[in-house]
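The values are calculated or read from the model by the stated rules, or taken from the named source; none is laboratory data. Because the structure is a prediction, the values reported are computed rather than measured. All Cβ positions, even for glycine, are placed from backbone atoms using ideal geometry, and neighbour counts span all protein chains on display. To get the accessible areas, we keep the full protein, side chains included, count just its heavy atoms, and leave off ligands, DNA and RNA. Shrake-Rupley method; radii C 1.70, N 1.55, O 1.52, S 1.80 Å.
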Protein chains: 2
Amino acid sequence: MTSQSADAVSSSRRSKITPEREQEFYDAVLQQLRENGYDSLTMEGVAASTRCSKSTLYRQWKTKPQLVAAALRTCSRTSLADIDTGSLAGDLREVVRHAGERSYKDTRLMQALGHAVLQDEELRRALREAVVEPEIGAIEEMVRRGVRRGEIPADHPAAEFVSAQLLGVLRARPLLEGRDADTPYLTRFLESCVLPALGLPGNT
Amino acid sequence: MTSQSADAVSSSRRSKITPEREQEFYDAVLQQLRENGYDSLTMEGVAASTRCSKSTLYRQWKTKPQLVAAALRTCSRTSLADIDTGSLAGDLREVVRHAGERSYKDTRLMQALGHAVLQDEELRRALREAVVEPEIGAIEEMVRRGVRRGEIPADHPAAEFVSAQLLGVLRARPLLEGRDADTPYLTRFLESCVLPALGLPGNT
DNA sequence: GTGTACCGATACGCCGACGTATCGTACGCT
DNA sequence: AGCGTACGATACGTCGGCGTATCGGTACAC
């Protein structure tokens, strides 16, 4: 056969599944999700794009929703949790910078899981725990820090809407304008809507 | 009219398709869309729930996406276009009242069409022209009227985000809190975020 | 060197949905 | 009264995806 020398990637896939290999599966799942939606994601497709056999997939995960749920759980972006610039406005500016960069991928992913999430309990929990909660939790923590620092009052009526606003606009722009909500757009939104509503000065 | 006996519905459906009957098809399509998503919407299902045969469906519409597109085009709720209270704040309060009532149906519908819309050109146009454009156009017209009346400056930076904010929050709440964005929620959002960002006084 | 566990390929059964075709018949018009 | 049109029922071919099963072969441990 072929001389399987240094490239462990292309030719021989006979070794046990390493963590890196596992991540390749997950990446393929997420990519196919974004491109074609949940229903058009097929086990055959994942197998083909990762050059494994269906047997391998079904050995590791029982069913298609479980594979997808597992893939979602690797999405845990803890990036937002690390942000702490010392001011609420500064934190949120960092948030929109990150969100704008990941706008396309996250938006498509959410869109793809739209209704599938309503049918499968495990899928719903995976999406919430792995994607929604971490990001939204981080934002709400920023707001709480802002309250503690006295930047905004604890019962500011706009406080409850910060995360919904950001997530909402992120998903709304593609529908309204046909373009992703990139960082400049999100920044304009933050400075001219979110921060003013909170009583904080926006960069004009 | 065909004043058959009392039960024109259950037994014999042999008459030609009246406009009312046609609307029954569309309603069934939209309902199944909202309940199960686009991919799980089946011609068999529509036929069964409307007690017609598949032949009839395929005689009227060539394919499944065309049936769905036709159903979408009957959604044209021009209700928002009729709103004109004399002030921007008043107009928007009417908008959230309507939107809150239709929240569940509209949100689910958008969610259901998520990725299908990316695959089929006709479907995409139908959704835009029948659902998105009318509502968003009405809101933007309200903003323009507000500018003409001098309520807000023409270049107010928050003006471009009014429709995106409302649509976004409408779709975001179910994801974040697991509940629909009803009228009270939308009203709070309007008074504490949208109006303040525009420099208008919100009802506290 | 021997063994075992795991991988890849592939074939299979099953099901459900699309879209077509056929046929009998009720409707509604003239 | 008669006739054509469109409807309802249903069967059919096709396709594609899920999940299972079988089998040969290879990597890695011992």
Requested in this report: Report, in whole Å, the centroid distance computed from the Cα atoms of the range B:12-91 and the range A:62-107.
Outcome: 37
**Report entry** Angle in degrees between helix B:103-113 and the longest Cα principal axis of chain B, rounded to the nearest 10
**Finding:** 60
Query raised in the report: How many Å³ per residue does the convex hull of the Cα positions in the protein assembly as shown occupy?
Result: 188
Requested in this report: Could you go through the range A:62-70 in sequence order and give the Karplus-derived ³J(HN,Hα) for each residue, using 6.51 cos²θ - 1.76 cosθ + 1.60 with θ = phi - 60°, rounded to whole Hz, and x for Gly and Pro?
Outcome: 6, 9, 5, x, 5, 4, 5, 4, 4
Query raised in the report: For the residue pair B:Arg51 and A:Lys16, what label-to-label distance in nm results when each label sits 7 Å from Cα along the Cα-to-beta-carbon direction?
Result: 6.2
**Report entry** ³J(HN,Hα) computed for each position of the range A:132-140 - Karplus, 6.51 cos²θ - 1.76 cosθ + 1.60, integer Hz, glycine/proline x
**Finding:** 6, 4, x, 5, 5, x, 5, 5, 5
Report summary line: For the range A:1-146, averaging the sequence separation of alpha carbon pairs under 8 Å that lie six or more residues apart and dividing by its residue count, the contact order in percent is 30
Query raised in the report: For chain A, which span is the longest to avoid every loop-located (per DSSP) member of trypsin sites (Lys or Arg not before Pro) having at most 13 other Cβ atoms inside 10 Å?
Result: A:63-148
Query - Candidate residues A:Thr42, A:Thr107: accessible-area rank, largest first, probe 1.4 Å - result: A:Thr42, A:Thr107
Query - Stokes-Einstein diffusion coefficient of the range A:19-73, Kirkwood radius over Cα pairs, 20 °C, 1.002 mPa s, in µm²/s - result: 198
Report summary line: With only helices counted (DSSP H, runs n ≥ 4, each -39500 (n - 2.57)), the per-residue ellipticity at 222 nm for chain B, to the nearest 500, works out to -17500 deg cm²/dmol
Report task. For chain B, find the longest principal axis of its Cα atoms and tell me its angle to the long axis of helix B:19-36, 0 to 90°, nearest 10. Result -> 70
Query raised in the report: Cα gyration tensor of chain B, axes a ≥ b ≥ c as square roots of the eigenvalues: rounded (a/c below 1.5), prolate (a/b > b/c) or oblate?
Result: prolate
Query raised in the report: How would you classify the range B:101-204 from its alpha-carbon gyration tensor, with a ≥ b ≥ c the square roots of the eigenvalues: rounded for a/c under 1.5, else prolate if a/b is greater than b/c, otherwise oblate?
Result: oblate
**Report entry** Heavy atoms of B:Ser79: accessible area, 1.4 Å probe, square angstrom to 10
**Finding:** 40
Report summary line: Expressed in square angstrom to the nearest 10, the accessible area of A:Ile136 with a 1.4 Å probe stands at 30
Report task. Kindly write out, for the range A:143-153 in residue order, the coupling ³J(HN,Hα) from the Karplus curve 6.51 cos²θ - 1.76 cosθ + 1.60 (θ = phi - 60°), rounded to whole Hz, with x marking Gly and Pro. Result -> 4, 4, 4, x, 5, 4, 7, x, 6, 9, x
**Report entry** Spatially proximal lysines relative to A:Lys105 (Cα-Cα < 25 Å; intrachain offsets below 8 disregarded)
**Finding:** A:Lys64
Requested in this report: Return one number: the angle in degrees, 0 to 90 and rounded to the nearest 10, between the long axis of the Cα atoms of helix B:88-101 and the longest principal axis of the Cα atoms of chain B.
Outcome: 30
Query raised in the report: Can you list the lysines whose alpha carbon sits under 23 Å from that of B:Lys62, skipping same-chain ones fewer than 8 residues off?
Result: B:Lys16, B:Lys54
